[in-house]
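**Q** So that we are looking at the same thing, I have put the structure below in structure tokens.
The values are calculated or read from the model by the stated rules, or taken from the named source; none is laboratory data. This is a predicted model, so every value here is computed, not measured. When we count neighbours, we look across all protein chains shown, and the Cβ atoms used for this are built from the backbone with ideal geometry, even at glycine.
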2 protein chains.
Amino acid sequence: MSVFESDRDQPARVAAELSATPGWRRLTELDPDLDDETAATIIAEAAKIADAVVAPLNPVADREGCRLENGRVRTPAGYRGAYKAIAEAGFLGVEIAPEVGGQGLPVTLQAACGPFFEGACPAFMMLAGASRAAAHLMMSVADETIRDAWVPRLLSGEWGATICISEPDAGSDVGRIRTRAEQADGIWRVTGQKIWISFGDHDVTDRIGHCLLARTGDEPGTRGLSLFLVPSIRDDGTANAVTVSRIEEKLGLHGSPTCALGFDGAEAVLLGREGRGLPALFAMIEQMRLLTGCEGLGIAARAADVAFAYAVDRRQGGDPEEAPLPIVRHADVRRQLLALDAQTEILRAAILELAVSMDLARREEGAAAEDNAAFVAWLLPMVKTFGAETGFDVASGAIQVLGGAGYTREWPVEQALRDSRVLAIYEGTSGIQALDFLTRRLWREKGRGLADFLDRAKAAIEAARPLDADLAGTAERVVSRFERLSSVMMEREDVPRDGEAGASGYMRAGWCAISAVMAVRLLIAGTETPSQSALKAVARFRLHTLEGEMGLAEAQASMTAELMEAI
Amino acid sequence: MSVFESDRDQPARVAAELSATPGWRRLTELDPDLDDETAATIIAEAAKIADAVVAPLNPVADREGCRLENGRVRTPAGYRGAYKAIAEAGFLGVEIAPEVGGQGLPVTLQAACGPFFEGACPAFMMLAGASRAAAHLMMSVADETIRDAWVPRLLSGEWGATICISEPDAGSDVGRIRTRAEQADGIWRVTGQKIWISFGDHDVTDRIGHCLLARTGDEPGTRGLSLFLVPSIRDDGTANAVTVSRIEEKLGLHGSPTCALGFDGAEAVLLGREGRGLPALFAMIEQMRLLTGCEGLGIAARAADVAFAYAVDRRQGGDPEEAPLPIVRHADVRRQLLALDAQTEILRAAILELAVSMDLARREEGAAAEDNAAFVAWLLPMVKTFGAETGFDVASGAIQVLGGAGYTREWPVEQALRDSRVLAIYEGTSGIQALDFLTRRLWREKGRGLADFLDRAKAAIEAARPLDADLAGTAERVVSRFERLSSVMMEREDVPRDGEAGASGYMRAGWCAISAVMAVRLLIAGTETPSQSALKAVARFRLHTLEGEMGLAEAQASMTAELMEAI
């Protein structure tokens, strides 16, 4: 059965890729409650609820959008009920501790299930994403009272939350935040403007907790920043001094109200220690970058499904004296379709690899835990960046397969293109991710995450060699080239501006190396099921051009500041 | 002065690139009325009118869109006046003969001026594009009466026109057209459905002439197709049997009503000979593919201008104790900006090269005319495809430079992304262009256009060598690799399905070769003016990664049908 005829059972693909991920095997050893069957059941359930409850919201979210009425945000019909439904099914807190209402499952299962929801209606799911991020924050830095009051209600869908960081003059550059918090009579009060706040106000939950970064001391930059919780409604039931000044009109994600908020002496609770606001955010930022990857994957997987189905159905071309051929029969259309699946499945495998490593960083001990943590920090900027790119590219490629139809609102792929375009911008632009990858992961940490990756790469390639020596050889060459390039880039620590000029290319080379390793993983997965066969075909296709892509990335990485001086 | 500080005088860039185009020199030798100064004056005038008259329509076109009211299409406010204004300034018929109301200038000047209008409001300019295409059709196949009645009024903006080809089951595959024309009592009557008709109805002009492909004989495929003119209003002033059944809701180009039209025994005039409908369209198709390139260029050039201006203005990052830096100072932002200009200027140079060759194919004699014609046929699918890609990529890249702002409707780049996405679809998808490039240009014509390109390439590289031997060497290697790849692809004529699998990669390799040659042209242009200096910087940047891109294209070209079988 060819990949073009298989039933494109997405949950089965997740399960096949998960079982080919060595870290997942290790995780099941460490946790006797985990096994492939349980995972497959949860994943299938997620896909089912996402399709039944969330997907129907997607066109409505896009067409109706959100409105500001009498100072309050109105969301599209159906949001409230759907939010309750996914909360009741346990999907708001998959990886959060059972003591506060979560499922206590590994992050891996959140990462395996999340893309079904994110792809079904990315705009709506921004509320869940922000609320889950807030739950993570509270779990790590809030005191017990706050944690026990808020987290269970965030996970039950009664209350929601936001993350308030950006201001008009402080986007990527959080050190320039001007919102201030001052304490008087034991009460903190926050005054300032925040922008780009997803679900900054809405009518889906009864109360909203704004997790907000504000300046408390006189220290410049990020050192004077503290983290606060600003509830929309105070404990006595009265409204806090938070106002919505506007909803941004955006290219897409119309169903996610992106708000500008004003805080005018709003009462707040300090989360964690004063002056330690930014470090408190780090665990949450990790979750949000993984989430962006999941959003890209969810959007890509659905768009690819649409394109495959259309290509099987739509007839055009062939001998004019005979019935037209389904366009899936044309070689160039097949190439386009395989490219969609190739990008998508490599991303899925990388997301699973990242998520199991996040789990192992917590569940292993000693050096194993540290290695996994270093690997996570190294892989995160790539999953964020290429997750974003994959969502957008696959949406655009799906439009191309559909042709004129894809350009119309009759089909969902134009919305996917609009919705996905922001992924490369929020939660740290691709440029910021590339600097993180080069200056922190390689230079500052002396390539510790890289070293761990190279070990994983060698193991995967050796496992694949008996199955397909040629393809294993291709993957090996790509990884070796990346290893050599890393040595070159390491030396650029002495000329950081040259490094910065090549950072984006270097991270792309890293993604080529990840793609090589994930592709051989898909080869190892076996060919017993249609999903496994499809993944093997996709891996073969992906490896075909990977050395060429690595060559291009090397050229991009060799850019220098001098080239940018541009007489 | 660096490219980041120059005044980004787009008309000066056109003039600089034109003067570095050898075919333009030849054209001025053949036509004593043409010189650099005249050209520069016309180009500057086009830019001025486009900015003053057309650009203000763009946000209105997008927000208001077009509506179907009582069976008629209503266009946004301001269209009628603007259309008259560009007609009066002579820009509807730059390259059309003066005897019928045109300016009688070379196609080159149309191609040099067009992008200013296309970029200013691509949706609105679709009416001009269709009407100019119809004028070309009538000039080549209509009898004198029709020609003299219609062409002057199309160019004066009194009347408009459409090109009606596609039907629900005949998109790329025109051989399956089912609309029929029958003759009775000396009158042709057309019955059928046409879809994707740009400005299929509107209120900008008083009459619309539908140039329509319909079946007249029993021969299958394209052989039974004839070309007709179906006026919206008959000569006696009564309405013809043409109805608008809907306007498509699209991702972008909202200001261009894309109509589904019904013809119910509508009276028609045969254009040209019965059964020769498709050949009659060829000259027009050539113009439309050039136009698509110009649309991509116009959108890219404006989006790049927005990104550069934003990057100079917007401050973010740098030492937290000091004022934030303009983001143009960050190496990665400079890289992004240069990439926008690099894609744009290479496309501009290629469009000028194509246009001068179209002129020379008509104005030269004998072998020189034939060589130019072969080169035009060879370059057209690439200008169409990579013009489309450039418009979309540069719009998307500009959004990235603007970050969150770029994702909002406060800035014009999100509209540019939406408007440009269709360019790779209409007038023949990129997949169709790649098949044309491989199967017709290389296989059927035995690489005649390619041979002519290689001569031009050698001349450009030798001219550049004394100025910069390194960069000339890079260009030479890229061109040589393309030449070798062409030999490999030539042999695939025996296994056409393998050829088709690699066609897209092969055409991309062709564009790398074109980019190499256009980049060295920009080097030759000199550095006397800020525009010339900017172009040189851009060329250097472009050449830096070109061998890497060629390597990737080679890998894509080596794809085989077997890889697509995908077990």
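**Q** Identify the single condition in (1) over 28 Å from the mean Cα position of the chain (by Cα); (2) farther than 30 Å from residue A:317 by Cβ; (3) without any contact (Cβ under 8 Å) to a residue 40 or more places away in the chain that residue B:215 does not satisfy, given that it satisfies every other one.
**A** (2)
**Q** Looking only at segment B:537-563, how many residues end up being hydroxyl-bearing (Ser, Thr, Tyr) and farther than 30 Å from residue B:4 by Cβ?
**A** Here is the first cut: in segment B:537-563, the ones hydroxyl-bearing (Ser, Thr, Tyr) are B:545, B:558, B:560.
Of the ones still in play, those that are also farther than 30 Å from residue B:4 by Cβ are B:558, B:560.
Here the count works out to 2.
**Q** Against the definition (more than 14 Å from every other protein chain (Cβ to nearest Cβ), among the β-branched types (Val, Ile, Thr) and over 27 Å from the mean Cα position of the chain (by Cα)), how does residue A:517 come out, yes or no?
**A** Answer is no for this residue.
**Q** So which of A:391, A:366 is surrounded by fewer than 22 Cβ atoms within 10 Å (Cβ to Cβ) and either assigned by TED's automatic domain parsing to the domain that holds residue A:250 or modelled with pLDDT of 95 or more (or both)? Reasoning before the result, please.
**A** Working: A:391 fails: surrounded by fewer than 22 Cβ atoms within 10 Å (Cβ to Cβ).
Unique residue meeting the criteria: A:366.
**Q** Report whether or not residue B:334 is within 14 Å of chain A (Cβ to nearest Cβ), touching a strand residue (DSSP E or B) at 6+ places or on another chain (Cβ under 8 Å) and not hydrophobic (A, V, I, L, M, F, W, C). First the steps, then the outcome.
**A** Details: within 14 Å of chain A (Cβ to nearest Cβ): yes; touching a strand residue (DSSP E or B) at 6+ places or on another chain (Cβ under 8 Å): no; not hydrophobic (A, V, I, L, M, F, W, C): yes.
Judged against the criteria, residue B:334 is not a match.
**Q** Can you name every residue in segment B:521-543 that is buried (at least 20 other Cβ atoms within 10 Å of the Cβ) and at the interface with chain A (Cβ under 9 Å from one of its Cβ atoms)?
**A** B:533, B:534, B:536, B:537, B:538, B:540, B:541
**Q** Just to be sure, is residue B:507 part of a helix (DSSP H, G or I), under 30 Å from residue A:5 (Cα atoms), in contact (Cβ under 8 Å) with a residue 40 or more places away in the chain and within 13 Å of chain A (Cβ to nearest Cβ)? Let's see the steps before the verdict.
**A** Numbers: part of a helix (DSSP H, G or I): yes; under 30 Å from residue A:5 (Cα atoms): yes; in contact (Cβ under 8 Å) with a residue 40 or more places away in the chain: yes; within 13 Å of chain A (Cβ to nearest Cβ): yes.
For residue B:507, the condition - part of a helix (DSSP H, G or I), under 30 Å from residue A:5 (Cα atoms), in contact (Cβ under 8 Å) with a residue 40 or more places away in the chain and within 13 Å of chain A (Cβ to nearest Cβ) - is met.
**Q** Can you give me the number of residues within segment B:351-368 that are over 15 Å from residue B:22 (Cα atoms) and hydrophobic (A, V, I, L, M, F, W, C)?
**A** 1
**Q** Could you grab me the full set of residues in segment B:159-179 that are within 8 Å of another protein chain (Cβ to nearest Cβ), touching a helix residue (DSSP H, G or I) at 6+ places or on another chain (Cβ under 6 Å) and within 21 Å of residue B:232 (Cα to Cα)?
**A** None; the set is empty.
**Q** Consider residue B:565 against the criteria (1) without any contact (Cβ under 8 Å) to a residue 24 or more places away in the chain; (2) more than 12 Å from chain A (Cβ to nearest Cβ): it satisfies all of them except one. Which criterion is unmet?
**A** (2)
**Q** Just the residues that are more than 7 Å from every other protein chain (Cβ to nearest Cβ) and buried (at least 24 other Cβ atoms within 10 Å of the Cβ), please, taken from segment B:547-562.
**A** Hits for segment B:547-562 are B:550, B:553, B:557.
**Q** Just checking, how many residues over segment A:256-278 are part of a loop (DSSP other than H, G, I, E, B) and closer than 19 Å to residue A:198 by Cβ?
**A** Summing the residues that are part of a loop (DSSP other than H, G, I, E, B) and closer than 19 Å to residue A:198 by Cβ in segment A:256-278 gives 2.
**Q** From A:253, A:297, grab the single residue that is within 14 Å of chain B (Cβ to nearest Cβ) and aliphatic (A, V, I, L, M).
**A** Going through A:253, A:297 in turn, the sole match is A:253.
**Q** Are there any strands (runs of 3 or more DSSP E) wholly within segment B:162-246 with 1 or more residues that are assigned by TED's automatic domain parsing to the domain that holds residue B:258 and surrounded by fewer than 20 Cβ atoms within 10 Å (Cβ to Cβ), and if so which? Lay out the reasoning, then the answer.
**A** Details: elements: B:180-184, B:187-198, B:207-215, B:225-231.
By residue number, B:180-184, B:187-198, B:207-215.
**Q** Something else now. With the requirement that a residue be within 10 Å of residue B:303 (Cβ to Cβ) and surrounded by fewer than 23 Cβ atoms within 10 Å (Cβ to Cβ), what does segment B:412-427 give you?
**A** Residue satisfying the conditions is B:412 alone.
**Q** Something else now. Here is a list: B:207, B:234, B:180, B:189. Which entry is closer than 24 Å to residue A:324 by Cα and not β-branched (Val, Ile, Thr)? Give the derivation first.
**A** On the way: B:207 fails: closer than 24 Å to residue A:324 by Cα; B:234 fails: closer than 24 Å to residue A:324 by Cα; B:189 fails: closer than 24 Å to residue A:324 by Cα.
The match here is B:180.
**Q** Also, quick follow-up: For segment A:234-250, which positions are among the aliphatic types (A, V, I, L, M) and within 14 Å of chain B (Cβ to nearest Cβ)?
**A** Answer for segment A:234-250, where residues must be among the aliphatic types (A, V, I, L, M) and within 14 Å of chain B (Cβ to nearest Cβ): just A:247.
**Q** So, restricting to helices (runs of 4 or more DSSP H) that lie completely within segment A:385-464, which ones have at least 2 residues that are at negative phi and within 11 Å of another protein chain (Cβ to nearest Cβ)?
**A** Per the criteria, A:413-420, A:430-435.
**Q** A follow-up question, please. Output the number of residues of segment A:117-149 satisfying the condition of being surrounded by fewer than 24 Cβ atoms within 10 Å (Cβ to Cβ), among the acidic types (Asp, Glu) and either in contact with a helix residue (DSSP H, G or I) (Cβ under 6 Å, 6 or more places away or on another chain) or touching a residue at least 24 places away in the same chain (Cβ under 8 Å) (or both).
**A** Of the residues in segment A:117-149, 1 are surrounded by fewer than 24 Cβ atoms within 10 Å (Cβ to Cβ), among the acidic types (Asp, Glu) and either in contact with a helix residue (DSSP H, G or I) (Cβ under 6 Å, 6 or more places away or on another chain) or touching a residue at least 24 places away in the same chain (Cβ under 8 Å) (or both).
**Q** In addition: With of a type in the set (A, V, I, L, M, F, W, C) and not in a loop (DSSP other than H, G, I, E, B) as the only criterion, which of B:253, B:281 stands out?
**A** After applying the criteria, what remains is B:281.
**Q** Continuing with this model, one more query. Suppose we filter A:438, A:402 for residues that are buried (at least 19 other Cβ atoms within 10 Å of the Cβ), in contact (Cβ under 8 Å) with a residue 60 or more places away in the chain, over 19 Å from the mean Cα position of the chain (by Cα) and under 30 Å from residue A:326 (Cβ atoms); which single one remains?
**A** A:402
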